[in-house]
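A short write-up of the structure that comes next.
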Amino acid sequence: MAATEKKNAAPALTPATFSVAGTTVEFPVYQGTEGPNVVDISKLYSDTGHFTFDPGFMSTASCESKITYIDGDKGILRYRGYDIDTLADNCDFLEVSYLLLNGELPNKKEKEAFDRKMTLHTMVHEQLHFLYRGFPRASHPMAVMAGAAASLAAFYHDSLDVNDPEQRELSAYRLIAKMPTLAAMAYKYSIGQPFIYPQNEMGFAENFMHMMFATPCEKYTVNPVLARAMDRILTLHADHEQNASTSTVRMAGSSGANPFACMSAGIASLWGPAHGGANEAVINMLEEIGDVKNIPEFIKKVKDKQSGVKLMGFGHRVYKNYDPRAKVLRKTLEEVLGELGKIDEPLLKIAIELERIALSDEYFIERKLYPNVDFYSGIIYRAMGIPSKLFTVLFAVARTSGWIAQWKEMMDDPKNKIARPRQLYTGEKQRDFIPLGKR
Ligand code: ACO
């Protein structure tokens, strides 16, 4: 749907005038409900014979969306209009997934039905166990997850028709419900323990932690404070607008690819250290610092451009203010460490002191470098006993609900087209071919 037709959109604005190579054209300007206006340049090529050039999409809105809104300068993140801290404090992950998928929060009856339906999809096809057993035990769990997510298309043929809204819905349930099972299986396989089946009487995060930490040998009860913290982390990571992995999912899906294949593409993109891998880097950095007394020396290195050292967990492409998710996580971190009696954890002391220095130091203030979500999530995971290799996997478990909501939004849009960016070609012009023997 064009932005001017949107329910909440303001009347059309004064068109933008653009001149190139002697041709002047006008482009419509659209105003969203919030955020910067956009210039619709889709006719630029047909009207002027020119493309735009915007590597990394620094100034390009790739789609229209009603799901998530971010104002990086003000430190705002909202799902469907609700502030992230309000959702994290008052809802659970499945409630938030319902919101992302359907646009509204569920009432009690709708929530019960949604939770039940999700629960009934948590188990995976038994044959998948053999797929896992084919991986080397030392495989990176993201490699396993990318393979396992794509393989779901081989098991669930009845939800592959992307033109059927009911099948799209069924795939959404399957993906959100099965990702924790696949993630826990990747962990269990890596440590040589048996897979633990999902338990239908448990909540989403509790069930996930049970599948991660229980063994068949004795009863394992998930600590409710830790389950709540895990649930909150999942909520905070559930969606983040058109980031690299979400854009990857949309791009893969624009060709009509099935949702399981699209999620696998999203996992591959998330795997990169500039996207999903930063919380692991935070832990490595805190360990390297080792003691509060070493912080001044470390900060000196961070400020020295020649050193190449960055303060991991600080700074963000979009947030030029305190990441609203980091605020919630800081509170959660204290709850978790308090519950586990680890409030004296040396890494926490280093993290708090780093944060104090960074928030009062001119270098960081000038550059608007604030803690991001990854600064605290790694310390929480570590305290829970989750190995750092799995951090990005947990991110994928959470982000699946955003990916699938964004994919569904795209598929529901009658104006959806295959994504096909253009390029600025700087290679060779046509050349004469020289046969192999004469080169
Ligand atoms: N430590 C020290 N200096 C930094 C940091 C940092 N973490 N981040 C940015 N800067 C400096 C840059 O060197 C640059 O300085 P200059 O103006 O003197 O050249 C200035 O701040 C602006 O930095 P950019 O790189 O232009 O900022 P950008 O928005 O492109 O980068 C990024 C954002 C990649 C997240 C960066 O801040 C970074 O590398 N942070 C550490 C890694 C991290 O925590 N990533 C997680 C992001 S959250 C997520 O993906 C869920």
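Quick rundown of the values:
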item	result
Accessible-area ranking of HIS316, HIS129, largest first, probe 1.4 Å	HIS316, HIS129
Global form of segment 230-304, assessed from the alpha-carbon gyration tensor, a/c cut-off 1.5	prolate
Cut-off under 5 Å, modelled amide H: who pairs with ALA16 long-range	PHE27, VAL29
Debye, to nearest 20: dipole size of segment 358-439, +1 on Lys, Arg Cβ, -1 on Asp, Glu Cβ	640 debye
Stretch gain in nm, segment ARG439-VAL292, where the contour uses 0.36 nm per residue and the Cα spacing is subtracted	46.6 nm
222 nm mean residue ellipticity, helices alone, for the chain (DSSP H n ≥ 4; -39,500 (n - 2.57); rounded to 500)	-15500 deg cm²/dmol
Note, ³J(HN,Hα) from phi for segment 61-76, Karplus 6.51, -1.76, 1.60, rounded to Hz, x at Gly and Pro	8, 7, 6, 9, 9, 10, 8, 10, 10, 10, 10, x, 6, 8, x, 10
Whole-angstrom gap from segment 31-68 to segment 252-272, using each part's C-alpha centre	23 Å
Among GLY35, GLY402, GLY103: highest mean-square fluctuation, GNM of the chain, C-alpha pairs under 10 Å	GLY35
The chain - Rg and Dmax from Cα coordinates, angstrom	23.7, 78
Relative packing of 281-291, 190-200, which averages over residues the other C-beta atoms within 10 Å, highest first	281-291, 190-200
Per residue accessible area in Å² of segment 23-90, where ligands, DNA and RNA are left out and the probe is 1.4 Å	61 Å²
Loop trypsin sites (Lys or Arg not before Pro), segment 212-276, which have at most 15 other Cβ atoms in a 10 Å radius of their Cβ (DSSP)	LYS219
Mean Cβ neighbour count within 10 Å, used as a protection proxy, ranking 14-22, 385-393 highest first	385-393, 14-22
Heavy-atom accessible area per residue - segment 228-364, 1.4 Å, Å²	42 Å²
At least 20 Å along the helix axis (C-alpha) and Kyte average at least -0.5, DSSP helices within the chain	141-155, 165-190, 346-360, 391-412
Sulfur and carbon atoms: percent of accessible area, the chain [1.4 Å]	53 percent
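The values are calculated or read from the model by the stated rules, or taken from the named source; none is laboratory data. Just so you know, these numbers come straight off a predicted model, no measurement behind them. FYI the Cβ positions are ideal-geometry reconstructions off the backbone, even for glycines, and counts take in every protein chain you see. Calculation scope for accessible area: heavy atoms of the full protein, side chains included, ligands and nucleic acids excluded. Shrake-Rupley method; radii C 1.70, N 1.55, O 1.52, S 1.80 Å.
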